[in-house]
Amino acid sequence: MKRTAFLLLVLAAAVCCRKPDIPETDTPDPDPAPPVEEVEVTLSLDKSEINIYKGESFQLNAIVTPEDTPIRWESSNTKYVMIDRTGKGTGISVGEATVTVYAGDKTASCDVSVTLPPEPDAKVGDFYYTDGTYSSSLDPSKTVVGVVFWTGDPTLEDPTLKKDHPECTNGLVVSLHGEIKGYSWQPEFEAYDSTVGKWIEDNTDFLSITSPSGIDDNVNVIRGYNNTKAIEAFNAAEENAAWPVAVVEKVLEYREEYPTPASCSGWYLPSVKECSLLISGETEEKVFDIDGDISNKSDIDFKISLAGGNSIGRKGYEDDIWSSNERDYIYAFYVSTLTGKVWMNFKRYGSDTHQIRYILAF
């Protein structure tokens with residue numbers, strides 16, 4: 001009985017001393033870490049288009065945020081454009097490529113065009129080739145068209161040339177060959193009984209080829225392209241079929257026989273000023289004041305001979321080259337290849353001394 005009571009007493013004490021079951025809870029961190037925010041990457045380039053010459057380098061700069069975002073460069077065609085890991089590129093050969101920079105899933109691009117560098121400035125005496133290039137020394141791998149006899153912008157005083165060929169600002173080239181048999185300017189001028197210039201003024205937008213004053217008029221300007229085109233219009237008109245300007249008909253024949261690069265004006269009959277430049281070179285004198293200066297012709301003739309052409313006028317002869325300018329309805333101007341002096345003669349005059357030479361602007 002006592003034993004039983006003792007066990008009951010122990011059991012009751014154990015029950016009274018047991019701790020109640022308390023559910024577990026999360027204890028808040030006294031110093032919580034801030035939440036990580038996802039930052040959007042932005043990317044752009046400082047250029048979207050670049051034009052460079054072959055062998056030239058360029059620098060592209062990427063604008064990226066965040067600034068420490070890794071970037072990678074790539075060229076769409078390394079045959080034309082190479083790009084390094086700093087964004088520095090180089091034009092390898094003529095062509096086009098796109099340079100792209102990558103940052104994460106973002107891209108930015110720049111189109112790069114590579115061209116050949118411009119030709120060096122032309123010089124008097126340069127050989128001019130069928131591909132439109134020129135050089136001081138004869139290149140046997142190319143076909144020579146003519147020889148540069150004047151450098152400068154021939155479009156300045158020839159609005160027709162400027163309109164048709166605004167790219168021809170380098171100078172003038174003389175043909176390797178000329179007509180040396182003797183030709184009349186306009187054999188039937190008497191039957192026509194008027195100036196070609198008047199018809200041009202009345203029927204076209206070209207400037208007149210007539211130079212009545214002879215001193216301060218258009219004989220002193222480079223305008224052979226305009227003159228030739230104007231005379232071509234005169235010759236093409238049905239009402240002028242009986243009295244064409246024969247020297248310009250020969251120009252058309254020469255164009256067919258000796259094609260020229262698309263980048264030039266094509267052959268035409270020189271103006272008085274251009275004839276004078278061919279024989280005497282650039283001077284401060286007006287064309288009628290020049291007499292005895294054939295220094296330019298001598299130098300150009302040497303280059304023409306190297307290219308297999310015939311000289312500008314026969315050596316030692318009083319040969320003359322017709323211009324595209326007329327004095328009036330009777331006379332046209334020519335320039336002596338022996339003295340550089342400007343003269344005029346009957347338009348029908350066609351002895352062996354009166355010759356034709358062709359030039360072009362490039």
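Some values worked out for this structure:
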quantity: Over 22 Å [Cα-Cα, region 117-212], rounded percent; calculated: 51 percent
quantity: Estimated [θ] at 222 nm from DSSP helical runs (n ≥ 4, -39500 (n - 2.57)) normalised by residues in the chain, nearest 500; calculated: -6500 deg cm²/dmol
quantity: Percentage relative contact order, the chain, counting C-alpha pairs under 8 Å, at least six apart; calculated: 16 percent
quantity: Rotationally averaged projected area of region 192-286 (alpha carbon convex hull; nm²); calculated: 7.4 nm²
quantity: Angle between the chain longest axis and helix 224-236 axis [Cα atoms, degrees, rounded to 10]; calculated: 70 degrees
quantity: Magnitude of the charge dipole, region 127-361, Cβ model with Lys/Arg +1 and Asp/Glu -1, debye to 20; calculated: 540 debye
quantity: Candidates Leu252, Leu161, Leu269: whichever shows maximal mean-square fluctuation once the chain is modelled as a Gaussian network with Cα springs under 10 Å; calculated: Leu252
quantity: Folded to 0 to 90 degrees: helix 295-306 orientation relative to the chain principal axis, Cα; calculated: 70 degrees
quantity: Packing-based exposure ordering (other Cβ within 10 Å, fewest first) of Met344, Met82; calculated: Met82, Met344
quantity: Kirkwood-based shape ratio for region 290-334, expressed as Rg/Rh from alpha carbons; calculated: 1.07
quantity: Kirkwood Rh in Å, taken over all unlike Cα pairs in region 42-115; calculated: 12.1 Å
quantity: Computed log₁₀ I(q)/I(0) - Debye formula, equal Cα scatterers, no solvent, region 244-357, q 0.12 Å⁻¹; calculated: -0.43
quantity: Ranked by how many other beta carbons lie within 10 Å on average, peptides 271-283, 86-98, 124-136 from highest; calculated: 271-283, 124-136, 86-98
quantity: Exposure proxy ranking, count of Cβ atoms within 10 Å, fewest first, for Phe206, Phe58; calculated: Phe58, Phe206
quantity: Integer Hz, Karplus 6.51/-1.76/1.60 couplings in order for region 315-328, x for Gly and Pro; calculated: 4, x, 9, 7, 7, 9, 10, 5, 9, 9, 9, 10, 7, 6
quantity: Candidates Pro118, Pro159, Pro187, ranked by Gaussian network fluctuation over the chain, Cα under 10 Å, top entry; calculated: Pro118
quantity: Pairwise centroid distance, computed over Cα atoms, of region 280-306 with region 88-142, Å; calculated: 36 Å
quantity: Dipole axis of region 100-237 (+1 Lys, Arg; -1 Asp, Glu on Cβ), positive-most option in Gly182, Tyr102, Pro117; calculated: Tyr102
quantity: Dmax and Rg, reported as Rg then Dmax, of the chain (C-alpha, Å); calculated: 42.1, 171
quantity: Nearest-ten-degree value, helix 246-257 long axis tilted from longest Cα axis of the chain; calculated: 40 degrees
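We did not get these values from a lab; they are worked out from the coordinates using the rules stated. Since we're looking at a predicted model, the values are computed, not measured. For neighbour counting, all protein chains shown are included, and Cβ atoms are generated from backbone atoms with ideal geometry for every residue, glycine included.
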